[in-house]
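Down below is the structure, laid out as structure tokens.
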Amino acid sequence: MRIYRPQGPPYLIWLKEILHSDHKIGTVTKEDVMRLTTRTNLAARILMACAVNPDRRLRTAEIADLCNCSTNHAAHVVQRLHAEGYLEAQRGRAGGIRLARAVPQVSIGAVFRLFESEIPFAECFDADTNSCPLVGTCRLRSYIRRALEAFYHELDLVTLDDLVRGNCGLTELLALHPAPPRDCVPGA
Ligand code: SF4
């Protein structure tokens, strides 16, 4: 099997789908894996939405609308990001969420790990639930590990600031009161 160099989130999804498409990973089904990956992506969208709206608190319904997801789904991810210190929340009529950290302090690699590390990438990565008979001799296992390390290493180099600064298109899509950014980078 060819080992591809990681190029971003689709790579991770590709690996999960292709390498273990008919595996059950411990007690986690393929559907759970896909749901978790969606949560990771949604977490990134929510952080970007907050970053381009720094002067206001976003409500869950606004986030769901901006991120094209259900309010339940948005609320679940917001709750996790809040619990981990990425967001601050305020209740009440004027309530909502906003970033709790400066954008250069938000590591995209750390956010991905937060949501992706809950389940083993392959069944054999969880010694308690593994039932794969190849675990003692499988070479694929170490290649997957290396690929994952490379994947996260690339994302560790990216901050929320890298995703939003000068990104006019993103601002147009996510800013609730858009204003032309001065440092707009064409084609960003
Ligand atoms: S030992 Fe190999 S085949 Fe078995 S789950 Fe791990 S990576 Fe997949």
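Quick notes
- Value of Rg/Rh across the range 40-88 [Cα atoms, Kirkwood radius]: 0.91
- Spatial extent of the range 25-154: Rg and Dmax, with the Cα atoms as the point set, Å: 17.5, 59
- For the range 51-77, the residues whose amide N sits under 15 Å from a probe point set 7 Å from the Cα of ARG101 along the beta carbon direction are 51.
- Amide H contacts of ARG59 (H built 1.01 Å from N, under 5 Å, at least 5 apart or other chain): ILE97
Throughout, read-outs are computed from the coordinates displayed, never taken from laboratory work. The shown structure was predicted, so the numbers you read here are calculated from the model rather than taken from an experiment. Note: ideal-geometry Cβ built from the backbone for every residue, glycine included; neighbour counts use all protein chains shown.
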